[in-house]
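The values are calculated or read from the model by the stated rules, or taken from the named source; none is laboratory data. All figures in this text were calculated on a predicted structure; none of them were measured in a lab. Counting neighbours? That spans all protein chains shown, and the Cβs are built from the backbone with ideal geometry, glycine included.
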């Protein structure tokens, strides 16, 4: 066994005298206090808000999911019997051959919402392989079924998965081949013996179920845990911090964070747990790990998370450790950028909950959406296009999985002086004839750092390297492309706004000054070009292959640059565009470029220019 010091900034209150209290976590609870009348009232208001917000699914959808799982289980059993016969086993073996389906994730934890996908694990015998039997034979069986749509195998993922819809219900199906000739219907996968003689991909596939089962065993009150987790997942999505693939936190991360708070306050209602959640993690001293139980060693030989032993584990910024052997850091995707945003949102939640407890606010204030597009003056727009919806589905998944690396590289290549805030929501321009979606990143200089005059952030090399890496996609098809654009807040495309239009100030033409100093509406070519950049629908010409790559840099001098800054995907102009950088005081700095090549430059510090 291994243990780590955990500091959460709070002193535990002693349990009631002469009481036998069960210890759930690795530390003693902070408080054993139960709810007051005010807590009970606040809890009723919170649960009403959750119901009114539609986080619970209806009985009809619940029944449909159960029927889909029954059908899927039968398909798996028939598939295993078919393979057993094809591989030449005797008929008695064919009759006993079996495969089973288990659920994990939000469905297994009992916190799934309407239209959520179901995370499922198919467990098969030792002679049924992942590479051919699962990703080829089973894939072809599903492909021929009328009930199945949007079938997408992802065999090269960290955890290989087959994604599809069955009767309209989204399914993520993993596969694990265990060291058994016959898989019993009541197989206990929580026992470590199930891990004998299997590879690491199979271990990762099995651990989804093993972790979910352990979480439910390690919380004091399952129903209070479920309500609290529903609340925090809803909050995280509203505040833009729910996405494991983008470097924020996904479902299992939020479940583990909530489970620890349940352990620290075993008698608290969900309303109390939500408030304590923000209190605990606002003061948490990262990278101290979050753990629900001690880390377990085993003679099976799989690596477990241990920063004293493994150098890579020492680089983890927000370790949230899974409770099932082999214990892993579930939040290894979190970067300095996303950790900063997550902690900021914890502070926001803590302040609102303090106001709620003082009757200065109600629960709806906690779930106000993040005003991402009002938070920055500069953004990086990532447009993803493909020939059709099917190609876009797989292409988008690949690009999305690489975006967190782009944020890491931008911050690394600028010495941490340019900070990125990736936003996990995707946006679609329905007016475009091609299949399209876009993601956005907020850009700002590091707060508190003095800006040198004429300092620039040149990220051309970083962006070009990212595009090269993304275009190495193994399943690339003609029509798949990616465009990266630096856009100012006032130039953001209208389709990202709920009403479908920009705020009025974004549509005004930029005023210029006459020779006598009076401001007037510009009718100059530069303003016309800015207008074309906002409204033209044709894509820009992308950087061609074989170009000389330039490394990203931070320079105090303004370099001589040839080529326009990359434009918005919806812009094209035969006239050389201008780069207009907006400073905090609203002034603009312009520089002219020729239309020979695309570069990616974000200027900073000119005339005290400030992100």
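Some observations on this one:
- The condition (being within 28 Å of residue 411 (Cα to Cα) and either surrounded by 19 or more Cβ atoms within 10 Å (Cβ to Cβ) or touching a residue at least 12 places away in the same chain (Cβ under 8 Å) (or both)) is satisfied by just one residue among 244, 303: 244.
- At least 3 residues being farther than 26 Å from residue 346 by Cα, outside the structural domain of residue 335 (by TED's automatic domain parsing) and at pLDDT 95 or above is the threshold, and among the strands (runs of 3 or more DSSP E) wholly inside segment 356-450 those reaching it are 378-386.
- Scanning segment 21-47 for residues that are assigned to a helix (DSSP H, G or I) and out of contact with any helix residue (DSSP H, G or I) (no Cβ under 9 Å at 6 or more places or on another chain) yields a single hit, 37.
- Checked against the criterion of being more than 30 Å from residue 200 (Cβ to Cβ) and touching a strand residue (DSSP E or B) at 6+ places or on another chain (Cβ under 6 Å), segment 335-347 has at least one qualifying residue.
- Those residues of segment 363-400 which are within 29 Å of residue 53 (Cα to Cα) and within 17 Å of the chain's Cα centre (by Cα), in sequence order: 369, 370, 372, 393, 396, 397, 400
- Screening the candidates 78, 133, 140 for the property of being assigned to a helix (DSSP H, G or I) and touching a residue at least 40 places away in the same chain (Cβ under 8 Å) yields one hit, 133.
Rundown of residues vs (1) closer than 25 Å to residue 402 by Cβ; (2) surrounded by fewer than 24 Cβ atoms within 10 Å (Cβ to Cβ), yes/no style:
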{"residue": "200", "(1), (2)": "yes, yes"}
{"residue": "207", "(1), (2)": "yes, no"}
{"residue": "218", "(1), (2)": "no, yes"}
{"residue": "223", "(1), (2)": "no, yes"}
{"residue": "239", "(1), (2)": "yes, yes"}
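- Of all residue pairs spaced 6 or more apart or on separate chains, those with beta-carbon atoms under 7 Å, a first member in segment 90-104 that is assigned to a helix (DSSP H, G or I) and a second member that is at pLDDT 95 or above are 93/84; 94/81; 94/84; 94/85; 96/182.
Here's the yes/no breakdown for (1) surrounded by fewer than 18 Cβ atoms within 10 Å (Cβ to Cβ); (2) assigned by TED's automatic domain parsing to the domain that holds residue 249:
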{"position": "45", "(1), (2)": "yes, yes"}
{"position": "78", "(1), (2)": "yes, no"}
{"position": "83", "(1), (2)": "no, no"}
{"position": "86", "(1), (2)": "yes, no"}
{"position": "101", "(1), (2)": "no, no"}
{"position": "108", "(1), (2)": "no, no"}
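- Those residues of segment 150-200 which are in a loop (DSSP other than H, G, I, E, B), within 23 Å of the chain's Cα centre (by Cα) and closer than 18 Å to residue 129 by Cβ, in sequence order: 155, 156, 157, 159, 160
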